[in-house]
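Inspection log for the structure reproduced underneath, given as C-alpha cells.
The values are calculated or read from the model by the stated rules, or taken from the named source; none is laboratory data. What you see is a predicted model; the values in this text were computed from it and never measured. A quick note on method: Cβ atoms are made from the backbone with ideal geometry, for glycine too, and the neighbour counts reach across all protein chains shown. Please note that ligands, DNA and RNA were not included when accessible areas were found on the heavy atoms of the full protein model with its side chains. Shrake-Rupley method; radii C 1.70, N 1.55, O 1.52, S 1.80 Å.
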Amino acid sequence: MQRYPTTTDDEREAAIEAAAMAIRRGQLIVLPTDTVYGIAADAFSPDAVQSLLAAKGRGRDMPPPVLVSAATTLDALAVGVPGYARALVEEFWPGPLTIVCRQQTSLQWDLGETRGTVAVRMPADDVALAVLERTGPLAVSSANLTGRPAARDAEGAAEMLGDRVKVVVDGGRTLDADASTIVDCTGARGRILRQGALSLAELNAVLEPLGTTLSDDA
C-alpha cells in the first residue's frame, strides 16, 4: 500500500494519477469523498469488484454503489429515470445523495446481486471527482471492515484496509460523518432506503412543488 498526501498541487496530481493507474490495473484504492472515505474498484471489472467485497468482508448480496464524475453519466448507467429522481439529482448532485435506478441491460459488469438496479452518486469532493474523470465509474463502498464505523480519514482507512488496497489518497478528514442518503427511484414514487446526510424534509422540499413526496422505509 502507498499513501499519497494531497496538500500541494504536485502531491494532488501524483495522488490522482497513482489512484487512476491502480484502478486501470484492476487494483483497489481508498479515496476521500464528501461523506466518508471509500474503497473503490473499476465498476466494469468483475474481479476488482469481487476483491472489493472480499476486502470489506461482504457477500454478493450487498453490491456497492457506483460513483460518477458527472450527472450526465446517469443515463449511461440507468434507464427509466423518473422525473422526481432528476429533480433530486439537479438539486443535490454533487452531494450526499445516492439514487437507486433500473440499470441499463447492455452494461457489461457484475456488481453482485443487484436485481437489475444500480445505485449511483456524484460526490462533492474535488479529489474524488478528479479520479473519476480519469477512471470512469467506480464501484465504491465505505472504507471500513463490515461491522466497523466508516473511516473519516486516511489513517483510519489504512488501518482497516491497508493490506487490501494499492493506493490510499489522503485528502484530510472528511467534513461529514454521515453517509449519503439512499433513495429508491425504481417506482412511481420514491422511497428512502437509508437516512443519511440529507433529511426527508430536505428532499421533499424539492419534490412537493412537483406534486410528489418520498415515503420513508429507512
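Roughly how many percent of the accessible protein surface of the chain is carbon and sulfur, given a 1.4 Å probe and a whole-percent answer? Please report the intermediate quantities before stating the final value.
Working: 4520 of 9660 Å².
Here carbon and sulfur together make up 47 percent of the probe-accessible area.
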Using the heavy atoms of the protein chains and a 1.4 angstrom probe, tell me the accessible area per residue for the chain in square angstrom. 44 Å²
Please give me the summed charge of the neighbours of Ala157: other residues whose Cβ is under 10 Å from its Cβ, Lys and Arg +1, Asp and Glu -1. -2
Select from Ser45, Ser199, Ser180 the residue whose mean-square fluctuation is largest in a Gaussian network model of the chain (Cα-Cα springs shorter than 10 Å). Ser199
Ranked by GNM mean-square fluctuation in the chain (Cα springs under 10 Å), the top entry among Thr174, Thr186, Thr105 is Thr105
As a percent rounded to 5, the proportion of antiparallel DSSP bridges among beta bridges in the stretch 89-200 is 65 percent
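Would you tally the net charge around Glu11, using a Cβ to Cβ cut-off of less than 13 Å, leaving Glu11 out, and scoring K and R as +1, D and E as -1? Let's see the in-between values first.
Details: positive: Arg3, Arg12; negative: Asp9, Asp10, Glu13, Glu17, Asp170.
Here the count lands on -3.
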